[in-house]
Amino acid sequence: MPKKLASQIISLILFMLLCTHILTSFNFFIKTDFHDILNDRINNGTYINRMATAVNVVESNKIRDNFTLSTFREKFYVIDTPLFETANLNAQDHKLSQQLKERMGEQYPNASIQQLYIPESRIFSALKHFSEYIDRLGSDEIKSYSPAVILQSQVQLSNGNWLVMLILDVYPYPTWMAETLKPLSIFTIIFVLFSIIIVLGITSPLAELEKKAQKLGVGEKIKAVKLRGPIDIQNVIIAFNTMLKRVTNVNDHRARALAAISHDIRTPLTSMRLQAEFISEPDIQDNIFKKIDEMEQICEATITFALQDSWSEKTRVFDIVSLVDSLCADLYEQGLEVHFELTEKMKFSGRPVALKRAITNLIKNGVEYGESVEVSIVKLDSVIKIHILDQGKGIPTDKMEQLFSPFERLEHSRNRDSGGLGLGMAIARSVVRSHGGEVELKNIEDKGLDAIVILPIPPSLIH
């Protein structure tokens with residue numbers, strides 16, 4: 001079965017249409033197979049009685065032509081000569097002829113019946129006739145189907161003429177079927193195209209909803225989805241738009257609140273710094289300045305971490321290999337031991353400034369605790385993996401998740417003298433997750449800690 005809803009609905013429509021045609025054909029070819037009826041009428045004497053009745057009518061009314069006894073499959077004629085020679089009759093024909101003579105009486109000794117062939121099942125004869133019709137399509141031969149004679153009977157009348165009865169076979173399929181095949185095909189194509197248009201129109205809001213949900217999931221700013229489609233889909237759109245409005249309001253309120261907190265905290269800190277200038281003891285003054293600086297760093301780092309989800313940077317396509325290469329080159333010029341293994345270009349869709357900051361945090365973290373870092377990029381199927389391998393001692397497995405907590409530095413497992421507020425790893429993971437990816441940590445034996453940035457490649461960029 002197809003994966004998408006529109007494809008499943010279209011497949012269901014086509015399946016039901018096919019089933020309708022199959023059931024109609026089954027009803028015509030199987031359920032209403034007239035060949036069984038013909039065989040029964042031949043064997044139970046129905047046509048023998050019809051012949052006897054026709055002889056009585058002709059003899060009593062002196063009818064020569066224009067028989068009212070003739071039907072669609074039973075034809076009666078009066079001719080001057082016999083229709084067939086009795087010398088060619090087989091055992092079954094002799095048996096039927098004897099039954100006709102007994103039914104007619106001694107005054108009609110020249111009575112005989114000949115069955116030309118045993119009727120086949122309608123479906124087999126239809127397939128045979130259709131095959132012949134297909135073969136004639138490529139040629140100029142024009143051949144209309146004429147019903148074959150299954151059984152013929154003759155009786156010599158008292159005036160010397162012969163009464164003939166012909167039993168015609170059924171058509172493999174109705175004569176109108178070939179004529180209606182072309183318009184039926186055109187109708188089916190139009191119906192299928194119309195169904196596809198309607199189904200795509202119904203499900204198109206879901207496709208738009210999916211795209212905007214993915215954009216929202218990677219931190220892009222989006223507009224509300226336009227209300228359209230069936231009432232059930234409209235309810236989903238209304239719920240999504242309501243959620244989008246609430247999330248936007250919460251982020252905006254948080255940004256304004258943190259901006260106000262930043263402004264309010266800076267005022268007393270500035271006042272404290274001015275007052276500290278008047279302290280005469282140098283040791284106490286330096287200690288107060290350090291505390292003020294630390295409080296300002298904590299304030300700035302907290303605001304930066306909390307506001308990173310509200311970045312207005314737009315998503316665009318860029319070469320992630322070039323981005324990491326330039327980043328490593330800049331850090332190397334700053335005196336950090338960073339080595340990058342250059343590879344072929346890899347296109348990625350995301351926010352390059354945010355990703356640059358996340359990767360920078362991971363590289364600096366690796367240099368602080370592992371002295372040097374080796375960076376490499378690998379493309380695997382639908383993901384890009386950026387390996388940041390340091391030369392440190394690694395960290396305990398049970399402490400890896402704790403490292404991503406805000407203000408968590410794991411100083412007991414690593415260097416106690418390292419600086420920082422413990423927000424670098426938390427910010428890095430938050431940025432990567434906003435791109436639909438993940439940051440994993442893995443201890444490499446005899447090497448150090450490998451920080452792996454896993455970024456999913458958008459379907460539009462997968463070749």
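Key figures
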| item | result |
| --- | --- |
| Footprinting exposure proxy for Arg429, Arg266 (fewest neighbouring C-beta atoms within 10 Å first) | Arg266, Arg429 |
| Ranked list, fewest to most other Cβ atoms within 10 Å of each Cβ, for Cys328, Cys19 | Cys19, Cys328 |
| Pairwise label distance in nanometres, Lys75 with Val378, each label 7 Å out on the Cα-Cβ vector | 8.4 nm |
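Any read-out appearing in this document is the output of simple, stated calculations on the displayed coordinates, not a laboratory observation. Only a predicted model underlies this, so the values are computations on that prediction, with no experimental measurement involved. Note that we place each Cβ from the backbone using ideal geometry, even for glycine, and neighbour counts take in every protein chain shown.
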